[in-house]
Amino acid sequence: MEENIFSRNRIINDLSLTNKWDVIIVGGGATGLGVALDSVTRGYKTLLLEQVDYAKGTSSRSTKLVHGGVRYLAQGNIDLVKEALHERGLLEQNAPHLVKNQSFVIPNYRWWEGIYYTIGLKAYDFLAGKLSLGKSTHINKTKTVERLSTLRQKGLYGGVVYKDGQFDDSRLAINLAQTAIEKGATLLNHFKVTDLIQNPSGKIIGVEAQDVETNKPYSFSSDLVINATGVFSDEILKMQKSDARKSIVPSQGVHLVFDKSFLPGDDAIMIPKTDDGRVLFAVPWHDKVLVGTTDTNLDDHSLEPQAQEQEIEFILKTFNNYLDKPVKRSDVRSIFAGLRPLAAPKDNSEKTKEISRSHKIIVSESGLLTITGGKWTTYRRMAQDTINKAIALKKLPKKACQTSNLSIHGAMPTHDRENHLYIYGTDQKGIAALIAADASLGQKLHSRLPFCKAEIVWAVRNEMARTVEDVLARRVRALFLDAEAAKEMTAEVATLIAEELNKDEAWKQNQIEAFTKLANHYCISNSAVSI
């Protein structure tokens with residue numbers, strides 16, 4: 001039987017077959033994975049190293065939207081919106097199992113809003129061109145209430161409906177990693193870059209790294225190292241020059257997750273102007289409703305950012321302004337915070353709402369390429385620009401980008417989203433085969449969530465999951481959907497993973513303890529940090 005291409009042992013054993021890589025990428029979030037896929041499909045020898053797990057940071061903590069950015073249109077940033085709408089259309093074509101055409105309603109509580117938003121959204125539709133997801137329309141009060149039965153009716157004039165994309169962020173990350181490996185790239189999670197290797201004249205010629213599972217050190221050689229570490233970019237920049245200028249301002253976004261009963265239909269709500277001028281979304285996601293986001297400037301960053309009390313209150317208060325059925329703190333099923341890696345401003349005058357959301361490529365004197373900023377929707381374009389930049393700098397031989405119409409692992413048209421396994425696309429067959437071989441794997445792990453044991457086995461065998469957190473946070477989204485339920489599943493999930501990876505009882509107990517501690521921060525009672 002041939003060895004599984006996703007097997008960590010196989011990937012590590014094959015490392016010695018390559019003396020020098022064309023491209024080494026540090027960071028396995030949306031950007032790094034996009035760069036790896038772009039690089040390998042052009043024919044370059046590609047290595048990607050991720051210190052924890054794919055999409056562990058910002059890339060699993062988004063608002064789950066594939067969108068042009070309605071608010072950037074309001075700011076007059078036409079080029080950014082046009083690029084993002086184009087990429088939204090490509091992503092829907094390339095990963096149809098994960099990207100869903102989602103209707104959004106903007107409720108109108110002032111008489112002029114209907115006209116104002118209809119005109120703005122017609123421009124949004126126009127900019128999408130051939131890749132439009134559908135036309136925006138104005139609807140009256142009766143129709144608005146029909147679509148959003150829990151909406152506050154007092155003072156309501158009507159609504160404006162528009163189309164955007166909705167997706168599962170970490171599932172897309174896993175599928176991108178699988179696609180890159182299938183195309184011949186070498187990717188390793190739980191593999192930390194500890195230093196950059198520089199020659200006597202200061203040029204980067206490779207990286208030092210460590211397998212986090214065994215602590216074994218490695219050296220990898222390449223003339224092109226790409227820093228795609230998001231909010232951690234400055235750490236890598238400092239490895240090559242200790243006084244490197246700050247390139248990132250982390251901005252925190254928080255989301256609260258509620259049961260579907262608070263927004264029972266198929267439509268999402270977009271609140272275009274909150275008390276402090278931000279945009280708030282309430283989006284149906286995996287049979288729950290996800291509400292966010294905030295925009296709070298932070299001085300520091302971590303792998304597990306914590307929601308601040310004021311952010312939780314802001315979301316509850318704003319969401320309740322629009323509901324007939326108010327939400328309470330006790331209704332929150334999960335709470336998660338993510339950090340946007342915004343490109344640092346040139347001076348202190350810019351607010352985070354105004355700091356560039358577009359991406360930026362920094363070329364260091366050492367030859368290090370750093371890609372920062374951007375967002376999930378434009379990950380493919382960011383990758384293309386990064387590799388094109390490396391070609392322009394004569395670091396790679398010229399080859400054309402191949403990813404515009406490249407199907408992503410699992411891609412298949414999906415019309416029935418009732419069965420939660422739809423996110424696996426073509427891999428649903430593999431999960432069905434596991435259950436056919438062992439009926440006990442069809443058992444659900446928790447009464448409040450749909451996930452079954454076979455998904456855990458599949459995640460370890462085929463999706464590079466190594467820990468309980470990898471599985472419950474990013475392969476099945478239990479932690480993000482219902483943190484208490486995720487905690488209650490921990491022991492059973494740890495047992496299944498331990499069996500797959502041949503781990504002992506001590507490993508299992510360690511995993512249960514670590515995940516329970518982490519999951520506590522996703523529960524409303526323990527999550528908030530007061531400021």
- Consider Thr63 against the criteria (1) open to solvent by 10 Å² or more (accessible area, probe 1.4 Å); (2) assigned to a helix (DSSP H, G or I): it satisfies all of them except one. Which criterion is unmet? (2)
- Run down Ala84, Ala95 and say which single residue is more than 28 Å from Gln240 (Cβ to Cβ), of a type in the set (A, V, I, L, M, F, W, C) and either at pLDDT below 95 or open to solvent by 10 Å² or more (accessible area, probe 1.4 Å) (or both). Ala84
- Message: I need the helices (runs of 4 or more DSSP H) fully contained in segment 350-462, keeping only those with at least 3 residues that are touching a Phe, Trp or Tyr at 6+ places or on another chain (Cβ under 7 Å).
- Response: 428-437
- Got a sec? Which of Gly430, Gly410 is open to solvent by less than 10 Å² (accessible area, probe 1.4 Å) and either free of Cβ contacts under 8 Å to residues at least 40 places away in the same chain or not hydrophobic (A, V, I, L, M, F, W, C) (or both)? Gly410
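This table checks each residue for (1) on the phi < 0 side of the Ramachandran plot; (2) buried (at least 22 other Cβ atoms within 10 Å of the Cβ); (3) assigned to a helix (DSSP H, G or I); (4) of a type outside the set (Asp, Glu).
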residue: Met270; (1), (2), (3), (4): yes, yes, no, yes
residue: Gly277; (1), (2), (3), (4): no, no, no, yes
residue: Pro284; (1), (2), (3), (4): yes, no, no, yes
residue: Asp300; (1), (2), (3), (4): yes, no, no, no
residue: Gln310; (1), (2), (3), (4): yes, no, yes, yes
residue: Thr318; (1), (2), (3), (4): yes, no, yes, yes
- Message: Anything in segment 232-251 that is within 30 Å of Ala478 (Cβ to Cβ) and in contact with a Lys or Arg (Cβ under 8 Å, 6 or more places away or on another chain)? List them, or say none.
- Response: Pro250, Ser251
- Query: Failed condition for Ile5, given (1) at pLDDT below 95; (2) open to solvent by 10 Å² or more (accessible area, probe 1.4 Å); (3) assigned to a loop (DSSP other than H, G, I, E, B), with all others met?
  - Reply: (1)
- Item | Among the residues listed as Val254, Val193, the single one being over 30 Å from Ser136 (Cα atoms) and in contact with a helix residue (DSSP H, G or I) (Cβ under 9 Å, 6 or more places away or on another chain) | Val193
- Tabulated pairs, segment 68-83, first of a type in the set (Phe, Trp, Tyr), second in a loop (DSSP other than H, G, I, E, B) and buried (at least 17 other Cβ atoms within 10 Å of the Cβ), C-beta under 7 angstrom, 6+ apart or interchain: Tyr72/Arg357
- Can you pull out the strands (runs of 3 or more DSSP E) entirely within segment 152-210 that have at least 3 residues that are closer than 23 Å to Leu481 by Cβ? 158-166
- Message: Among the residues of segment 19-27, are any buried (at least 20 other Cβ atoms within 10 Å of the Cβ) and either in a loop (DSSP other than H, G, I, E, B) or polar (S, T, N, Q) (or both)?
- Response: yes
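The values are calculated or read from the model by the stated rules, or taken from the named source; none is laboratory data. A quick note: this is a predicted structure, and the numbers were derived from the prediction, not measured. Please note: Cβ atoms are built from the backbone with ideal geometry, for glycine as well, and neighbour counts cover all protein chains shown. With ligands, DNA and RNA removed, areas are computed over all heavy atoms of the protein, side chains included. Shrake-Rupley method; radii C 1.70, N 1.55, O 1.52, S 1.80 Å.
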